[in-house]
Amino acid sequence: MASRILNENYLQLDTLANSFVSSEQAAFPVENAYNAQRRSKVWRSNGYWEITASDNTFTFKETGLGATLTATLTPANYTSTTSMLAALKTALEAVSVDTFTCTVDSVTKKIQIASSGSQFQIVAGGTLNDDLGFTTLPKTG
């Protein structure tokens, strides 16, 4: 007499017949969850930001483009992009004389940072710059 345990492996992608998604954004397709080449063991839904002490600095220059300023975000688990951008705005304004607006473009989904000063430049050196999508630096706007 023989018996089989786990005859069908329902974790194998070839076996998965149907899947249903309650919500997703075009910029963050659900297919990423089924990618066999996962980059991390932790999968979070759209808008979740895990900021640690090793990736929480944002470097920039402001009006007059003098010295480089470093804004430090409080390490935390931000459960929405809105809450993370609010914390970034607070961190930027803590080291600057300017007022900042941090938003996400509704079409491109790119993060935008605007300054009330006459000049604003994102420069290399911050560990958070790359996470926010500012990879080719400096960026002036």
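Structural remarks
- Test: PHE60 is surrounded by 12 or more Cβ atoms within 10 Å (Cβ to Cβ) and part of a strand (DSSP E or B): yes
- Of residues in the stretch 92-141 being assigned to a loop (DSSP other than H, G, I, E, B), among the polar types (S, T, N, Q) and in contact (Cβ under 8 Å) with a residue 24 or more places away in the chain, the one nearest to TYR48 (Cα to Cα): SER96
- Of everything in the stretch 67-91 that is of a type in the set (Ser, Thr, Tyr) and part of a strand (DSSP E or B), the residue that is modelled with the lowest pLDDT is TYR78.
- Taking the criterion of being at pLDDT below 85 and charged (D, E, K, R), the residues of the stretch 110-141 that qualify are ASP130, ASP131, LYS139.
The values are calculated or read from the model by the stated rules, or taken from the named source; none is laboratory data. Just so you know, these numbers come straight off a predicted model, no measurement behind them. So basically every Cβ, Gly included, is an ideal-geometry build from the backbone, and we count neighbours across all protein chains shown.
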